[in-house]
Amino acid sequence: MKIGLIQGSGDEAGLHIQLSPGWKFYWRTPGEGGVPAQFDWTASRNVARVDVAWPAPRRIIIGKTELYGYGGELVLPLQVERQEAGKPYGLDLMLEYGVCKDICILRNDRLVLRSQETPASENLILLAKWRARVPQPAAQAGLQLVSHRLKPDRLVVTLQSQVPLQNPDLFVEGSPDSWFGRPEVNLGVNGQEVRFELPAGYPPDKANQPLRLTLVDRNMQAELVLPP
């Protein structure tokens, strides 16, 4: 496994991860028993904040456990906000994260990057490739909510798409103590309307929390927030 920070253009950088065959890295919401990555940028120089973008995940089955994440190669695009504009910055990241194969292990790595005026062209290509896999806002992707209903043990969501869908999947994120399973998918004849029904579990006092939906299809990655 190789992991490191790469320079992009301007205030963009990336976390570049190259996994050994069979190993997986978790999405921001990792699924059953997964461990979300923790980013500590406090040792960075001339950095007010760093926003981490997450490309759309896929479902990963290990034994009887379903995880959400990535295999092979991955780049998480990073957007840096400098404390003082026009001055160089330096990223100094303490990253705590999990990776899994037959078992899952925790790792802690320190990763350092000093900003450069001329980033390597291969880094720019990598960042553009993975930035294109980050879900767009639903309206920008031509996706809109038709209806949703949250029951004590089920979530039902109907979406409409301007672009015909082919094999859509839906990932749902709520409060840390809630969970949502694999959806049953009912795709309309023309592919422009889809109904998802997911098993759900959440404490009664969290029923009014907003939910973030990530739709993944071959030609679309889109994100929207369900109102409480």
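The values are calculated or read from the model by the stated rules, or taken from the named source; none is laboratory data. All figures in this text were calculated on a predicted structure; none of them were measured in a lab. Please note: Cβ atoms are built from the backbone with ideal geometry, for glycine as well, and neighbour counts cover all protein chains shown. The area values use the complete protein model at the heavy-atom level, side chains included, leaving out ligands, DNA and RNA. Shrake-Rupley method; radii C 1.70, N 1.55, O 1.52, S 1.80 Å.
Think of it as helices only: each DSSP H run of n ≥ 4 in the chain is worth -39500 (n - 2.57), and spread over all residues that comes to -1500 deg cm²/dmol at 222 nm. When the Cα gyration tensor is reduced to axis lengths a ≥ b ≥ c, the ratio a/c is 1.5 or higher for segment 120-214, and with a/b not above b/c it is classed as oblate. Between Val146 and Lys87, the distance separating the two model label sites (each 7 Å from Cα on the Cα→Cβ line) works out to 5.5 nm. Along segment 98-107 the Karplus relation, 6.51 cos²θ - 1.76 cosθ + 1.60 evaluated at θ = phi - 60°, assigns HN-Hα couplings of x, 10, 9, 9, 6, 10, 10, 10, 9, 10 Hz to successive residues, with x for each Gly and Pro. For Glu193, the accessible area of its heavy atoms, probed at 1.4 Å with every protein chain present, is near 80 square angstrom. Among beta bridges identified by DSSP and lying wholly in the chain, the antiparallel ones come to about 95 percent. Sorting Met220, Met1 on solvent-accessible area from highest to lowest, probe radius 1.4 Å, gives Met1, Met220. For the pair Asp153 and Met1 in one chain, pulling the backbone fully straight at 0.36 nm per residue adds 50.8 nm over the alpha carbon distance. A 1.4 Å probe run over the protein chains yields, for the chain, 52 Å² of accessible area per residue, whole-number rounding. Just checking my list (i) 17.3, 55; (ii) 17.3, 59; (iii) 18.9, 55 against Rg and Dmax of the Cα atoms in Å computed from this structure; which label fits? Identified label for the calculated read-out: (iii).
Overall, the accessible surface of segment 74-122 at a probe of 1.4 angstrom is composed of carbon and sulfur to the extent of 46 percent. Reported to the nearest whole Å, the Cα centre-to-centre distance from segment 137-154 to segment 163-219 is 7.
Taking only protein heavy atoms and a 1.4 Å probe, the accessible area of segment 141-201 is 47% carbon and sulfur.
Build a GNM of the chain with springs between Cα atoms under 10 Å apart, and of Ser115, Ser20, Ser44 the one that fluctuates most is Ser20.
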